[in-house]
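No lab work stands behind these numbers, since they all come straight from the coordinates. This structure is a prediction, so every number in the text was calculated from the model and none was measured. Please note: Cβ atoms are built from the backbone with ideal geometry, for glycine as well, and neighbour counts cover all protein chains shown.
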Amino acid sequence: MKKAIFLCLFVFLTSSILLGQQIKLTNKTLSAKNSRTLYIGVDNEFEIQCETLKGILPQNGVSLAQNKLSIRPTTVGKLTIVILTTDGENPISFDVRRVPDPMPVVAGEPNREIFKNSLSSQSQLSLRAFNNDDKFFDNYKIVSFQATLNGTNYEIKGDSFSPELRSAIFKAKNEDILAISDIKGFNEAINKSININGSFSFKIK
């Protein structure tokens, strides 16, 4: 009797594991492809790989087009959706966060300083989350921004300082302030743009 119960339990657990393995979610919004993190007010996009996919249970803010899943949550906490396959219902849970505060960085360095002696080889601007642990901005590449130094504005296309801006930085005094604003980023994986409001100051050394 005990052996029969054990065999039944083994079959049940094995079936459950196989059922879970039939569905693979790839996060297209974040650089961490296996992440189950969602953000409020954002269309969080996933790709579903499942041979037996039938659909999803209707839910506000959740849509499915072929194998493209989009989730737009409205509250922080936990969110569970149900994916339907020919084998039944499959609940999948996510953690929901607020979009983190952005922080532009030069050459990947989090400090707000620009060193003239390394500017010739390190003049690329990128985006990070202010808390550094969040990966929301990792897939966004800066496509344009404005730089202001000593009253002169520089409209930059791309993510690197222009020769004119680098020259102005070399001529600037130590402790002069370079302001970066009007940052626009683009996430190629989901074909979405983002505009970063505000001005960010960098001290020249």
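Structure notes:
- Of the options [x] 23.5, 86; [y] 17.4, 56; [z] 19.7, 58, only one is Rg and Dmax of the Cα atoms in Å as computed from these coordinates, and that is [x].
- A Stokes-Einstein calculation at 10 °C with viscosity 1.306 mPa s, built on the Kirkwood radius of the stretch 24-97 over Cα pairs, returns a diffusion coefficient of 128 µm²/s.
- Packing-based exposure ordering (other Cβ within 10 Å, fewest first) of Phe161, Phe115, Phe170: Phe170, Phe115, Phe161
- Using the Karplus relation 6.51 cos²θ - 1.76 cosθ + 1.60 with θ = phi - 60°, the per-residue 3J(HN,Hα) values for the stretch 97-102 come to 10, 7, 4, x, 5, x Hz, with x marking Gly and Pro.
- Taking the fewest neighbouring Cβ atoms within 10 Å as the starting point, the ordered list for Tyr39, Tyr154, Tyr140 is Tyr154, Tyr39, Tyr140.
- Taking 0.36 nm per residue of separation and subtracting the Cα-Cα distance, full extension of the segment from Gln124 to Asp101 would add 6.3 nm.
- Here the gap between Ser144 and Asn197, fully extended at 0.36 nm per residue and compared with their Cα-Cα distance, gives a gain of 17.8 nm.
- Hydrodynamic radius of the stretch 64-128 by the Kirkwood approach over all distinct alpha-carbon pairs: 16.1 Å.
- In sequence order, the stretch 127-134 has phi-based couplings of 10, 9, 7, 4, 8, 6, 8, 8 Hz under the Karplus curve 6.51 cos²θ - 1.76 cosθ + 1.60, θ = phi - 60°, and Gly or Pro positions carry x.
- Placing +1 on the Cβ of every Lys and Arg and -1 on the Cβ of every Asp and Glu, with no other charges, gives the stretch 102-204 a dipole of roughly 160 debye about its Cα centre.
- Across the chain, the longest run free of exposed loop sites, meaning GluC sites (Glu not before Pro) lying outside DSSP classes H, G, I, E and B with no more than 14 other Cβ atoms within 10 Å, spans 52-174.
- For Arg128, residues with placed amide H under 5 Å, excluding near neighbours: Met103, Val105
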